[in-house]
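The values are calculated or read from the model by the stated rules, or taken from the named source; none is laboratory data. All values derive from a computational prediction rather than experimental measurement. Cβ coordinates were reconstructed from backbone atoms using ideal geometry, including for glycine residues, and neighbour counts include every protein chain displayed.
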Amino acid sequence: MTDSNDGATSVNVIGPVPPDPEQLTDESRRLRVRREGAGEKRFPFPVPNGWFVVDESRALAAGELKSFYAFGKDLVLYRTETGEARLIDAYCPHLGAHIGTGGKVDGDGIRCPFHGWRFDGESGRCTDIPYAEKISPKASLRTYPIVERNHMIWAWHHLEGDEPFYDVPHFAEFDDPDWLPYEVLQFEIGTIAQEVQENEIDLQHLVYVHGLPPQIGTEVTLDGTYRRIWNGVFTVENYGLGCTHISVRDAVRAATSLLPIDEESVRMTWWFTAPRSMGDNAAKMLGEGFTKGTTQDFAIWENKRYRPKPLLTANERVIREFRSWARQFYSGLDG
């Protein structure tokens, strides 16, 4: 491995191609057996801080609300009558009713189904109690910053409630009329966002898990909250642990987000586009090809144990560098 003058890291990979990469994609990956350390946390990390996709913009109509579980919490996503997407903690501070179960969107806020308390969509503060004049300043719901970009609804999660310290970029091809409408695929996986992104720079595994030839001359650049991987064909750009953009020359654009469900699982959302000149089904076909490769990793991800101090070879130093970079997206880590 050599370091280039621009700060990028070049990694040379050697090793044989396995005879059958499909051997790691069978359904048994979902059936985890009893192991040593059962009951212990698999990963020594809290839910990470960052921007994560919680839904497609087109999937949430004005006045609609949805309940789901992410960041280790019950949440309610809704769209105000004026068209703004909002995300709140699910349980009313009054007597604990789940607002997503019978709650109603009311203008730019939402009302609890139990006693009709109304909460402002942006601040989360209670603005109306139908049977009371005074409202305690403690009567509020946690809200999460939202941006809608690249046809997705992105929510900012920070364990300590801090404001966003980086942004979600605009991926122009997804709005370009010369490119196809996007296609979406989703998976729920028993792993964490850091493990998935670490996999992207673990070039040796491409030989043994995916049956690909050695990747020579791949460059990895770490710059603030941004990471870039380039090998002459693929360009992979990471914005935090929850946002990835992939370019394959002029043939395909892909984006993915890894929404933490809890401290041990994620919902992976992929969306794809391709030039219209490649045919009406190009985005769908390319997306299925991309994700077929990704599913080959599932058996490893869902059954491995995180090693805080791994035994790395000389040309795997980039893994240690990545882990150091990733620490900035967690709160409360020691050391």
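Values computed for the structure shown
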quantity	calculated
Matching residues in region 187-227 - criterion: being under 16 Å from HIS245 (Cα atoms) and surrounded by fewer than 16 Cβ atoms within 10 Å (Cβ to Cβ)	THR221, ASP223, TYR226
ASP280 vs. criteria surrounded by fewer than 19 Cβ atoms within 10 Å (Cβ to Cβ) and out of contact with any His (no Cβ under 6 Å at 6 or more places or on another chain)	yes
Residue check for PRO16: in contact with a Phe, Trp or Tyr (Cβ under 9 Å, 6 or more places away or on another chain), at pLDDT below 95 and part of a loop (DSSP other than H, G, I, E, B)	yes
Among (1) among the acidic types (Asp, Glu); (2) assigned to a strand (DSSP E or B); (3) more than 22 Å from GLY161 (Cα to Cα) - the single one ASP74 does not satisfy	(3)
Residues of region 183-208 satisfying the condition of being at pLDDT 90 or above and farther than 18 Å from ASN238 by Cβ	GLU183, VAL184, LEU185, GLN186, PHE187, GLU188, GLY190
In region 221-249, residue modelled with the lowest pLDDT [restricted to those that are charged (D, E, K, R) and in contact with a strand residue (DSSP E or B) (Cβ under 9 Å, 6 or more places away or on another chain)]	ARG249
Subset of region 239-280 (residues that are of a type in the set (Val, Ile, Thr) and under 19 Å from GLY293 (Cα atoms))	THR244, ILE246, VAL248, VAL252, THR256, VAL266, THR269, THR273
Residues being over 17 Å from the mean Cα position of the chain (by Cα) and in a loop (DSSP other than H, G, I, E, B) - total across region 161-209	10
Residues of region 228-243 that turn out to be crowded, with 23+ Cβ neighbours inside 10 Å and touching a residue at least 40 places away in the same chain (Cβ under 8 Å), as a count	5
Some residue of region 52-70 being among the basic types (Lys, Arg), touching a residue at least 24 places away in the same chain (Cβ under 8 Å) and surrounded by 21 or more Cβ atoms within 10 Å (Cβ to Cβ)	no
Selected residue (only one of LEU60, LEU95 is at pLDDT 95 or above and in contact with a Leu (Cβ under 7 Å, 6 or more places away or on another chain))	LEU60
Residues satisfying the stated conditions in region 248-276, i.e. more than 25 Å from PHE165 (Cβ to Cβ) and without any contact (Cβ under 8 Å) to a residue 60 or more places away in the chain	VAL248, ARG249, ASP250, ALA251, VAL252, ALA254
Those strands (runs of 3 or more DSSP E) lying entirely in region 216-269 with at least 1 residues under 18 Å from the mean Cα position of the chain (by Cα)	226-230, 234-239, 244-248, 252-260
Residue list for region 145-160, filter: in contact (Cβ under 8 Å) with a residue 24 or more places away in the chain and either assigned to a loop (DSSP other than H, G, I, E, B) or buried (at least 18 other Cβ atoms within 10 Å of the Cβ) (or both)	ILE146, ASN150, HIS151, MET152, ILE153, TRP154, ALA155, TRP156, HIS157, HIS158, LEU159, GLU160
Selection status of ASP176, at pLDDT 95 or above and touching a Phe, Trp or Tyr at 6+ places or on another chain (Cβ under 8 Å)	no
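Each row is one residue, and each column tells you yes or no for (1) among the hydrophobic types (A, V, I, L, M, F, W, C); (2) under 28 Å from PHE52 (Cβ atoms); (3) surrounded by fewer than 18 Cβ atoms within 10 Å (Cβ to Cβ).
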position	(1), (2), (3)
GLY107	no, yes, yes
ILE110	yes, yes, no
GLY116	no, no, yes
ARG125	no, yes, yes
ILE135	yes, no, yes
THR143	no, yes, no
